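First up is the structure itself, then whatever we jot down about it.
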Amino acid sequence: MVEQGNPYIVRLSSEKASFWKTVKPTLSDLDIELTERCNNNCVHCCINLPADDPVAKKREIPTEGIKHILKEAASLGCLTVRFTGGEPLLRDDFEELYLCARKLGLKVLLFTNATRITPSLAELLSRIPPLEKIEITVYGMKRTSYETITRAPGSFEAAWLGINLLLEKKVPFVVKSALLPPNREEVEEFEAWASTIPWMDDPPSYSIFFDLHSRRDENKNRAIRNIRPAPQEGLRFLARRKATYLKEMKKFCSRFMGPTGDKLFSCGAGIGGASVDSYGQLQLCMDLRHPDTVYDLEKGSLKEAISHFFPGVRETKATHPDYLLRCARCFLKGLCEQCPGKSWMEHGTLDTPVEYLCEIAHAQARQLRLLEEKEMAWEVEDWRERIRKFSEGKGDER
Amino acid sequence: MSAELQMEAKVSLDKLYVPSEDVVAREIEGELIIVPLVAGIGDMEDELYTMNETGKAIWDRLDGKKKLKDVLGELSVEFEAPEEEIEQDLIGLVNELVRRRILVEVV
């Protein structure tokens, strides 16, 4: 958008359009998981070591190490860094890291539970804005529901205190949630409150189909599996605003579905973006921690990883017989979240089909009438026609 | 330039201007990107700015060491245009940048 009255200065909004006229920078976005520790202990969470875990704390990238990564990211053209965790505000050096990022000209996207937002941090975020809306996960509208999920006494009050501090200081944020039995009856109340937040352009998003533990902790995985909703149950929630849901699904299906063969990386992971884990390992995305796909930043650079290491990883082909028989031929790819990251979290491999994701995708395809009851998507030959009919037709769900 | 415009702009060819410490100017793949550091630079919190080639040619010369009239002289040579033709645009851009606190006068 060109400023009226002055043809030389152009106002940009990086969310709305890419403003690189010719060459895109080597790195556009970087995620940094500042810690795996969290002061909440949510049963569904894939990454929450105890807040005072001494081993994790000792292993975390030191302040200067993160500053070094931020400087290199900025030199490669990065515009946005996401600080996430665990709970990133558990880091004692958070304000120092935040200021470092902002003074390098980076926008900061902060993922937090808001329990550790202090008056001084709210003041800092007001004076030196992150330039991205903070994303806050809210676990419930009442102490009982909230703390049944977080299993952290006092977390409800702490979160609301933090949220109110941000509201007072007019620091832009949005809220999201995880849909779980203790808060299921509070969805309307949550959404009514969310709609009063000045920066909420859309209804809040929800985690519904939970990932397993990011470090493949079997005890945590058992607990997560136990609270995962049945596919139909989660899909009913997703489709509760029927007209909007159908409109979005038609648009999505017309663009992003179709079999991808034995090519494992059909997403954009590692292209212009990357994730740093709490200990300095660079990953293509937040989920994918398979040792063959991570790059030790202590032994090399962001540039080397993004320019040379990641492209090699992205060439990896699937070899698992079940993947080749099913996923490689499945037109629900896109609708299905099967990917090397999810395969790693579920099975410790890159290419093992994740049954839960397969069930969800098939249930959703049946809900959208892309599949008949007994059909398996990899056996369908006229999938292009089905997607075309669904995307162009009036369409309805079951 | 008319006296009215100079008064309105409070920008003078005899003054020196320099990028404000309230912004971070970055060059990414040949594009100048101005990132606000403190609140209140743009109309919206997430706004970044860039400039077209002419704007960038002006920005690159605003180093706090040259008076605006010297910048004008250099631009006149570079763009092979009379100073009178460039002056209004130069004052207009500097005025806009000062108004947005992207540029400050060297006192």
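The figures follow:
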| quantity | calculated |
| --- | --- |
| Some residue of region B:22-32 being more than 13 Å from chain A (Cβ to nearest Cβ), modelled with pLDDT of 85 or more, surrounded by 14 or more Cβ atoms within 10 Å (Cβ to Cβ) and part of a loop (DSSP other than H, G, I, E, B) | no |
| Odd one out for A:LEU124, checked against (1) under 23 Å from the mean Cα position of the chain (by Cα); (2) within 14 Å of chain B (Cβ to nearest Cβ) | (1) |
| Checklist (1) part of a helix (DSSP H, G or I); (2) under 28 Å from A:GLN232 (Cβ atoms); (3) hydroxyl-bearing (Ser, Thr, Tyr) applied to A:THR352, failing item | (1) |
| Of all residues in region A:249-287 being among the acidic types (Asp, Glu) and crowded, with 18+ Cβ neighbours inside 10 Å, the one that is modelled with the highest pLDDT | A:ASP277 |
| Candidate set from region B:51-64 (those that are surrounded by 21 or more Cβ atoms within 10 Å (Cβ to Cβ) and facing another protein chain (nearest Cβ under 8 Å)); member that is modelled with the highest pLDDT | B:ILE58 |
| B:GLU47 being within 12 Å of another protein chain (Cβ to nearest Cβ) and in contact with a Ser or Thr (Cβ under 7 Å, 6 or more places away or on another chain) | yes |
| Residue check for A:ILE128: closer than 20 Å to A:THR80 by Cα and buried (at least 18 other Cβ atoms within 10 Å of the Cβ) | yes |
| Condition check for A:VAL108: crowded, with 16+ Cβ neighbours inside 10 Å and either closer than 21 Å to B:ILE28 by Cβ or modelled with pLDDT of 95 or more (or both) | yes |
| Sole exception among (1) assigned to a helix (DSSP H, G or I); (2) more than 30 Å from A:LYS169 (Cα to Cα) for A:ARG215, by number | (1) |
| Restricting region A:319-353 to residues that are of a type in the set (A, V, I, L, M, F, W, C) and surrounded by fewer than 20 Cβ atoms within 10 Å (Cβ to Cβ), the residue that is farthest from the chain's Cα centre (by Cα) | A:LEU325 |
| Within region A:75-180, strands (runs of 3 or more DSSP E) holding 1 or more residues that are farther than 26 Å from A:THR26 by Cα and out of contact with any helix residue (DSSP H, G or I) (no Cβ under 7 Å at 6 or more places or on another chain) | A:134-137, A:173-178 |
| Total residues in region A:27-41, condition surrounded by 22 or more Cβ atoms within 10 Å (Cβ to Cβ) and either part of a loop (DSSP other than H, G, I, E, B) or modelled with pLDDT under 95 (or both) | 5 |
| Restricting region A:188-210 to residues that are over 27 Å from A:PRO129 (Cβ atoms) and touching a helix residue (DSSP H, G or I) at 6+ places or on another chain (Cβ under 8 Å), the residue that is surrounded by the fewest Cβ atoms within 10 Å (Cβ to Cβ) | A:PHE209 |
| Residue satisfying all of: in region A:140-151; of a type outside the set (A, V, I, L, M) and either touching an Asp or Glu at 6+ places or on another chain (Cβ under 8 Å) or facing chain B (nearest Cβ under 8 Å) (or both); surrounded by the most Cβ atoms within 10 Å (Cβ to Cβ) among these | A:GLY140 |
| A:ARG184 being basic (Lys, Arg) and part of a loop (DSSP other than H, G, I, E, B) | no |
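Here's the yes/no breakdown for (1) facing another protein chain (nearest Cβ under 8 Å); (2) in a strand (DSSP E or B); (3) in contact with a Phe, Trp or Tyr (Cβ under 6 Å, 6 or more places away or on another chain); (4) surrounded by fewer than 18 Cβ atoms within 10 Å (Cβ to Cβ):
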residue: B:VAL18; (1), (2), (3), (4): no, yes, no, yes
residue: B:SER76; (1), (2), (3), (4): no, no, no, yes
residue: B:ILE91; (1), (2), (3), (4): no, no, no, no
residue: B:LEU97; (1), (2), (3), (4): yes, no, no, no
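Okay, residues lined up against (1) under 29 Å from A:GLY85 (Cα atoms); (2) part of a helix (DSSP H, G or I); (3) without any contact (Cβ under 8 Å) to a residue 40 or more places away in the chain:
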residue	(1), (2), (3)
A:ASN219	yes, yes, yes
A:LYS250	no, yes, no
A:CYS253	no, yes, no
A:GLY261	no, no, no
A:ALA269	yes, no, no
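The values are calculated or read from the model by the stated rules, or taken from the named source; none is laboratory data. Small disclaimer: the values here were computed from a predicted structure and weren't measured. No Cβ is skipped: glycine too gets one built from the backbone with ideal geometry, and neighbour counts run over all protein chains shown.
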